[in-house]
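Trainee: One structure, pasted below without further comment.
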Amino acid sequence: MNERDKYSIVYQRNRGYGKTNHGSHIAEYVRGLGAESLCDVGCGRGGFCKSLLGYVKYIYGVDIASKPTGSGVWWTDSYADNLLLADKSIDYITSFDMLEHLPPDNIDNVLDEFVRVARVGLIFSICYRASSGTCDGQPLHLTVQPESWWLDKLVKYGNVRKIHTYLSVDLECNKQ
């Protein structure tokens, strides 16, 4: 079963799945960044995107199995490693509790894609433990690694900071 099919099943079986706003504790910080554009990858039903309405002019939600409801959010049906957005077209890419759902051999491709699209920075929350849920016996968290493993991945893209439990990557330091 591919990942899109797996998560389509998860969303159908559990109407509450994807409604949790894992970015809620950093939303105020993000609102204060003055970003004109933001793309939330793995946005679920769009809770974080909606929390930025009125603060960020262009908000994009990306999820392989869910479409955010409501107005003000542009939704794109694409995979994290192939965002349908132009190079350096978005100020910030956010992704909350999504990266651990990817296969380990796809993590670098996804991070490279985020850096291709983002102009200013990346903001993540990552779960470092196995998921308690499964889909037809398949685990939901495919890349379960400690924070130090993720930091080693992220540091090559720029300055990494911890903001509460979130990881922020400042891409500005990569400009030539």
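Trainee: Step by step: first the residues of region 59-85, then only those that are of a type in the set (Gly, Ala, Ser) and under 25 Å from ASP112 (Cβ atoms), then the one that is modelled with the lowest pLDDT. Which residue is that? Spell out how you get there, then give the answer.
Mentor: From region 59-85, those of a type in the set (Gly, Ala, Ser) are 61, 65-66, 70-72, 78, 80; that's our starting set.
Add one more test, that the residue is under 25 Å from ASP112 (Cβ atoms), and what stays is 61, 65-66, 78, 80.
Numbers: GLY61: 90, ALA65: 78, SER66: 73, SER78: 77, ALA80: 92.
For region 59-85, the residue satisfying everything is SER66.
Trainee: Output the number of the condition that ALA65 fails; it satisfies all remaining conditions of (1) surrounded by fewer than 19 Cβ atoms within 10 Å (Cβ to Cβ); (2) out of contact with any strand residue (DSSP E or B) (no Cβ under 9 Å at 6 or more places or on another chain).
Mentor: So ALA65 meets the others, but not (1).
Trainee: OK, next. For region 125-162, which positions are in contact (Cβ under 8 Å) with a residue 40 or more places away in the chain and either of a type in the set (Phe, Trp, Tyr) or touching a Cys at 6+ places or on another chain (Cβ under 6 Å) (or both)?
Mentor: TRP150, TYR157
Trainee: Same structure, new question: Right, ARG119: over 12 Å from the mean Cα position of the chain (by Cα), at pLDDT 90 or above, in a strand (DSSP E or B) and surrounded by fewer than 20 Cβ atoms within 10 Å (Cβ to Cβ) or not?
Mentor: On the way: over 12 Å from the mean Cα position of the chain (by Cα): yes; at pLDDT 90 or above: yes; in a strand (DSSP E or B): yes; surrounded by fewer than 20 Cβ atoms within 10 Å (Cβ to Cβ): yes.
Yes, satisfied.
Trainee: Tell me yes or no: at least one residue of region 46-58 is in contact with a helix residue (DSSP H, G or I) (Cβ under 6 Å, 6 or more places away or on another chain), in a helix (DSSP H, G or I) and at pLDDT 85 or above. Don't jump to the end; show me each part of the working.
Mentor: Initial filter on region 46-58 (in contact with a helix residue (DSSP H, G or I) (Cβ under 6 Å, 6 or more places away or on another chain)): 51, 55.
Filter again for in a helix (DSSP H, G or I), leaving 51.
Filter again for at pLDDT 85 or above, leaving 51.
Yes, the conditions are met somewhere in region 46-58.
Trainee: TYR128 fails exactly one of the following numbered conditions: (1) surrounded by fewer than 21 Cβ atoms within 10 Å (Cβ to Cβ); (2) in a strand (DSSP E or B); (3) of a type outside the set (A, V, I, L, M). What is the number of that condition?
Mentor: (2)
Trainee: Next up: Counting only residues that are closer than 25 Å to ALA27 by Cβ and in contact with a Ser or Thr (Cβ under 7 Å, 6 or more places away or on another chain), which one in region 123-159 is modelled with the lowest pLDDT?
Mentor: LEU140
Trainee: Quick check, is ASP63 over 16 Å from GLY23 (Cα atoms) and of a type in the set (Asp, Glu)? Walk me through how you get there before you give the answer.
Mentor: Values: over 16 Å from GLY23 (Cα atoms): no; of a type in the set (Asp, Glu): yes.
Answer is no for this residue.
Trainee: In addition: Which condition number in (1) within 11 Å of the chain's Cα centre (by Cα); (2) part of a strand (DSSP E or B) is the one that GLU100 fails?
Mentor: (2)
The values are calculated or read from the model by the stated rules, or taken from the named source; none is laboratory data. None of the values given here were measured: they were computed from a predicted structure. Please note: Cβ atoms are built from the backbone with ideal geometry, for glycine as well, and neighbour counts cover all protein chains shown.
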